[in-house]
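Structure first, commentary second.
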Amino acid sequence: MIPITRLSIGEEEAQAAAEAVRSGWLSTGKRVERFESAVAQYVGAKHAIAANSCTTALHLALIASGVKPGDEVICPSFSFIATANAILYAGATPVFVDIDPMTYNISVDLIEPSITPRTTAILPVSQIGLAADIPAILTIAKRHGLKVIEDAAPSLGATVGGTHIGNLSDFTCFSFDPRKILTTGEGGVITTNDSEAARRLYALRSHSASVSTLARHTSSGVVLETYPEVGYNYKMTDIQGAIGEVQMTRIGEIIAERRRLADRYAVLLAGEDRIQLPYEPEGYHHVYQSYCIRLRGKKTQVEVMTGLAARDIAARRIIAIHSEPVYQSMYPDLSLPESERACKETLLLPMFVGLTDTEQVAVADALKKALD
């Protein structure tokens, strides 16, 4: 079976994790701090705050943005369910907006008509490795006094106009689960240029303690922390931080290889009019966390995925959140035609560092047979 992803980790990551274990310090410590610094420096942001997942990072960013119960947050539906779940965690209401059918990111033209007096934030998703139109979204947000919390879970390394996402939105959240650009097993990070918000986020991820565990336990004197507000236990471990440190040293080669594989898929699938290949707008740098094709033939998504599976090729889909049972009951009459079509017509092919030329040919051949 050629999987949808395969981990790109090796002896260096294993050694770093082992050293963290042997150090006797496993919770958030110096290794997490170094990983945070590497991420912040890479995207060009002042601060990076690690968390135990991108979902919890989104939750913390929403809170730091001032989102509260009763507020509304605009977001796309064509995304992983965590995008909307995080809004509910903050007590707010997701307001789903349709997508651009070419980029699969939120349609900028539909954001402003969705703003109400209860709207306090916009939560765009930079989907499958391609940045959303963050500059245009920031213009809208500024006009209406809103915060922008970007769900860039799959898109570390993506750029708009030469600027890395993570250095544009008020808050940007990245994921490090096994299918993302880099992995720490599980984990996430928030990047921001707001120093006061960053200070609060560092505390919020650890029950809002006024002094970090590392500072308390490495102090030569008595340090008594206080807890000024309700916080959360969203900390990343030093084991994860150690793995992340190593992965960050390879990010350039990882992205370059993903782009090479994407270019090769385009060659292998050239002229196949039963599918639409991924789109990269001018001025954008796609990092291809996923290779997303759109079906244009007679075969349904399930039929093609079944045909691929019969040939030992894994494939995945992206959901339309508002169509899932837990949200359908909340939005029984909501129609988002482009999101619903994309949910039914797109699928993700295997894409990972280590995908061999032979495997990639096998995927392309299996796809063409599944389309017959």
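For the stretch 354-371, filtering for residues that are surrounded by fewer than 16 Cβ atoms within 10 Å (Cβ to Cβ), outside any helix (DSSP H, G or I) and touching a residue at least 40 places away in the same chain (Cβ under 8 Å) leaves 1. Once the stretch 288-303 is narrowed to residues that are in a loop (DSSP other than H, G, I, E, B) and not β-branched (Val, Ile, Thr), the residue that is modelled with the lowest pLDDT is GLY297. Pairs linking a residue in the stretch 22-33 that is touching a residue at least 24 places away in the same chain (Cβ under 8 Å) to a residue that is part of a loop (DSSP other than H, G, I, E, B) and basic (Lys, Arg), with Cβ atoms under 6 Å and 6 or more positions apart or on different chains, are THR28/LYS235. Total residues in the stretch 242-290 satisfying the condition of being loosely packed, with under 15 Cβ neighbours inside 10 Å and of a type in the set (Phe, Trp, Tyr): the figure is 0. Can you tell me which residue within the stretch 273-285, out of those that are closer than 16 Å to LEU349 by Cα and part of a loop (DSSP other than H, G, I, E, B), is farthest from the chain's Cα centre (by Cα)? Step by step, filter the stretch 273-285, then rank; the result is ARG274. The set of residues in the stretch 130-156 being of a type in the set (A, V, I, L, M, F, W, C) and within 18 Å of the chain's Cα centre (by Cα) consists of LEU130, ALA131, ALA132, ILE134, ILE137, VAL148, ILE149, ALA152, ALA153, LEU156. Identification of helices (runs of 4 or more DSSP H) wholly contained in the stretch 1-77 with 2 or more residues that are surrounded by fewer than 22 Cβ atoms within 10 Å (Cβ to Cβ) and modelled with pLDDT of 95 or more yields 11-23, 30-43. You will find that of LEU224, LEU269, the residue that is of a type in the set (A, V, I, L, M, F, W, C) and without any contact (Cβ under 8 Å) to a residue 60 or more places away in the chain is LEU224 and no other.
Of all residues in the stretch 201-220, none are under 21 Å from HIS59 (Cα atoms), surrounded by 21 or more Cβ atoms within 10 Å (Cβ to Cβ), aromatic (Phe, Trp, Tyr) and modelled with pLDDT of 95 or more.
Of all residues in the stretch 311-353, those satisfying the criterion of being under 23 Å from VAL287 (Cα atoms), in contact with an Asp or Glu (Cβ under 8 Å, 6 or more places away or on another chain) and not in a helix (DSSP H, G or I) are ALA320, PRO350, VAL353. From the list THR192, THR159, the lone residue that is surrounded by fewer than 21 Cβ atoms within 10 Å (Cβ to Cβ), at pLDDT 95 or above and under 19 Å from the mean Cα position of the chain (by Cα) is THR159.
Counting only residues that are in contact with a helix residue (DSSP H, G or I) (Cβ under 7 Å, 6 or more places away or on another chain) and either in the same structural domain as VAL125 (by TED's automatic domain parsing) or farther than 19 Å from GLU257 by Cβ (or both), the stretch 344-369 holds 6 of them.
Is it the case that some residue within the stretch 178-193 is within 18 Å of GLU229 (Cβ to Cβ), in contact with a strand residue (DSSP E or B) (Cβ under 7 Å, 6 or more places away or on another chain) and not assigned by TED's automatic domain parsing to the domain that holds LEU355? Taking every residue of the stretch 178-193 in turn, at least one turns out to be within 18 Å of GLU229 (Cβ to Cβ), in contact with a strand residue (DSSP E or B) (Cβ under 7 Å, 6 or more places away or on another chain) and not assigned by TED's automatic domain parsing to the domain that holds LEU355.
The values are calculated or read from the model by the stated rules, or taken from the named source; none is laboratory data. Bear in mind the structure is a predicted one, so any value in this text is a computation, not a measurement. Using ideal geometry, Cβ is built from the backbone for each residue, glycine included, and neighbour counts are taken over all protein chains shown.
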